[in-house]
Amino acid sequence: MLDGLCRPETIFFDFGGVLAEEGFREGLTAIARSLGRDPVEFVPVAYELAWGTGYVLGGCDEAGFWRAFREATDIDAAAASDAWLSDMVLSRFTPRPLMFALADAARSAGMRTAILSDQTEWLGRLDARHDVFSHFDKVFNSYHYGVSKRDAAFFELALDAMGSRAEASLFIDDAPRNVELAASLGFHTILYRDEAGFFRDLAAVCPTLGAPRV
């Protein structure tokens, strides 16, 4: 939904796939190849377990997630320790400077900014590595709230906490399902596919922002 919004009051950014490269997918792909596995079969197991174990919602910790993952994929701790598995993922959440510059420019222009992410405890560790949170007014991480972007309640919770209205807010995500749900709630939305396409869409929804310089 890209019409009718000249200046959003609040911009909600997804993290992996928008503010940074999608480290979970890329990391799991690298893990599969390192262990001689087929990523096409290997990676979906991790996604299923991230939800099935409750890790995304704070239902288990990193150790519990990787334990379940090793059991499901029949890899042993000697070949894939928790520390190694986590670093393979975390090292691939590479920040996208233009997206952080956009968040900074929006705040400088008087808009509120927030992260709305289905993430785990890893988001705090990525903040420690890359100084993520200082660019935003608020961070909504499913791991700490027990609800995700699969549920309208997470969007409503974030709006309430930011003192915002859906129709005056912009939501940016790389997952079509999340974008569709947000749009159904009244948000203006952009589905992030690539940087050039994103800034074309942004120019349509909010010409006053444009592509920032870094």
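Read-outs throughout are calculated quantities, based only on the coordinates presented, and are distinct from any laboratory measurement. Since the structure is predicted, the reported quantities are computational estimates derived from the model, not experimental observations. Using ideal geometry, Cβ is built from the backbone for each residue, glycine included, and neighbour counts are taken over all protein chains shown.
Of the peptides 30-38, 179-187, the order by per-residue mean of other Cβ atoms within 10 Å, starting with the highest, comes out as 179-187, 30-38. Cβ-Cβ distance of ALA203 and SER81, R₀ of 41 Å, FRET efficiency by 1/(1 + (r/R0)^6): the value works out to about 0.35. Roughly speaking, what % of Cα-Cα pairs in the chain are separated by over 23 Å, rounded to a whole number? Result: 46 percent of Cα pairs exceed 23 Å.
Overall form of the stretch 114-214: oblate. Here a/c, set by the Cα gyration tensor axes a ≥ b ≥ c, is 1.5 or more, and a/b is not larger than b/c. Going by Cα centres, the stretch 126-191 and the stretch 4-81 are how many Å apart? Taking the Cα centre of each part, the stretch 126-191 and the stretch 4-81 sit 19 Å apart.
How much length would be gained if the chain were fully extended between ARG7 and THR94, taking 0.36 nm per residue of separation minus their Cα-Cα distance, in nm to one decimal?
Difference between extended and current length: 28.5 nm.
Cβ-to-Cβ counts within 10 Å put ASP104, ASP151 in ascending order as ASP151, ASP104, the fewest first. Assuming charge only on the beta carbon of Lys and Arg (+1) and of Asp and Glu (-1), the dipole of the chain about its Cα centre is about 500 debye to the nearest 20. Can you give the local net charge around ASP82? Use residues other than it whose beta-carbon is closer than 15 angstrom to its beta-carbon, Lys and Arg +1, Asp and Glu -1. Charge balance in the 15 Å sphere: -3.
Output the peptides 67-80, 105-118 sorted from most to least packed, where packing is the average of other Cβ atoms within 10 Å over each peptide's residues.
Values: 67-80: 14.1, 105-118: 19.2.
Highest mean packing first, the order is 105-118, 67-80.
Net charge in the neighbourhood of GLU21 (other residues with Cβ under 13 Å of its Cβ; Lys, Arg +1, Asp, Glu -1) is -3. The peptide list 164-176, 129-141, put in order of mean Cβ contacts within 10 Å with the highest first, becomes 164-176, 129-141.
Taking every full run of DSSP H in the chain, none both stretches at least 18 Å from end to end by Cα along its long axis and averages 1.0 or higher on the Kyte-Doolittle scale. Taken about its Cα centre, the stretch 23-90 carries a charge dipole of about 100 debye when Lys and Arg each add +1 at the Cβ and Asp and Glu each add -1 at the Cβ.
Think of the stretch 23-90 as having a plus end and a minus end, set by charges on the Cβ of Lys, Arg, Asp and Glu; of VAL43, GLY58, ALA79, VAL43 sits farthest toward the positive end of this dipole.
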